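Structure, as structure tokens:
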Amino acid sequence: MNRTEKEQIVQELSERLKNTVAAFVADYRGINVEQATQLRRELTQVGVEYRVVKNNLLKLAAKGTPAESLQDFCAGPTAIALSGADPVAPAKILSKFAKDVEAFELKAGVLSGNPLTVAEITALADLPSREELLAKALSCMNAPISNFVGTMAAIPRSLVQVLDAIGQTKAA
């Protein structure tokens, strides 16, 4: 790889790091091609870019970006996962993969410019996804309206039941 290719990769990676919500760095040493392909496929399905990068190029690209704290973890084989929208989905996938595959090891992460430890990434993975949170919020907003409709429907129903009871007593 010549100097211009390296400069292009650094520039591209730097732009990507500036525009991401979350970035996670991992040591992929010891995983086989099939496992790497499976991980890459799962991450791609949720809109996450996963790539293996050279440590020096990642250090240069991270300078001046919200992911600058990742420079300290650029040692050994390094892979980076970049998420542009939902930080919980890649954290879940990476944490699960790290539990399932002993050779795969999360190093660190960055969420909106704040550095994350492995324990914080695991805690992030335990959170419900964005869709689950939106569904819960919607059900909470919908509950008072449903209760009000049920209460309003009970008034005529109670009136009908009272009139029916009066009609049965008069008939007897």
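Of note:
- Over the chain, DSSP H runs of length four or greater, each weighted -39,500 (n - 2.57), average out per residue to a 222 nm ellipticity of -19500 deg cm²/dmol.
- Most mobile of Val162, Val46, Val88 in a GNM of the chain (Cα contacts under 10 Å): Val162
- Qualifying aspartates and glutamates (Cα of each under 18 Å from Cα of Lys99; at least 8 residues distant if same chain): Asp27, Glu34, Glu42, Glu120, Asp126
- Of all the options Leu60, Leu116, Leu106, the one that moves most in a Gaussian network model of the chain with Cα springs shorter than 10 angstrom is Leu60.
- Residue of Leu124, Leu13, Leu159 that the Gaussian network model of the chain assigns the largest fluctuation, springs spanning Cα pairs under 10 Å: Leu159
- Within segment 128-172, the ratio Rg/Rh, alpha carbon atoms throughout and Rh by Kirkwood, equals 1.45.
- The chain - Debye-derived log10 I(q)/I(0), Cα point model, q = 0.12, 0.18 Å⁻¹: -0.61, -1.10
- Taking max minus min of the alpha-carbon positions on each principal axis, segment 87-160 gives extents of 70, 28, 15 Å, largest first.
- In the chain, Cα pairs under 8 Å separated by at least six residues give a relative contact order of 26 percent.
- Exposure proxy order (Cβ contacts within 10 Å, fewest to most) of Lys54, Lys99: Lys99, Lys54
- Straight-distance candidates among the lysines for linking to Lys59, with alpha-carbon spacing under 21 Å and chain neighbours fewer than 8 residues away dropped: Lys6, Lys18, Lys107.
- Student exercise, the chain dipole from Lys, Arg, Asp, Glu Cβ charges, in Debye to nearest 20: 200 debye
- Sorted by Cβ density within 10 Å, fewest first, the residues Tyr28, Tyr50: Tyr28, Tyr50
Read-outs: derived from the displayed coordinates by stated rules, not from any lab. All values reported here derive from a predicted model rather than from experimental measurement. All Cβ positions, even for glycine, are placed from backbone atoms using ideal geometry, and neighbour counts span all protein chains on display.
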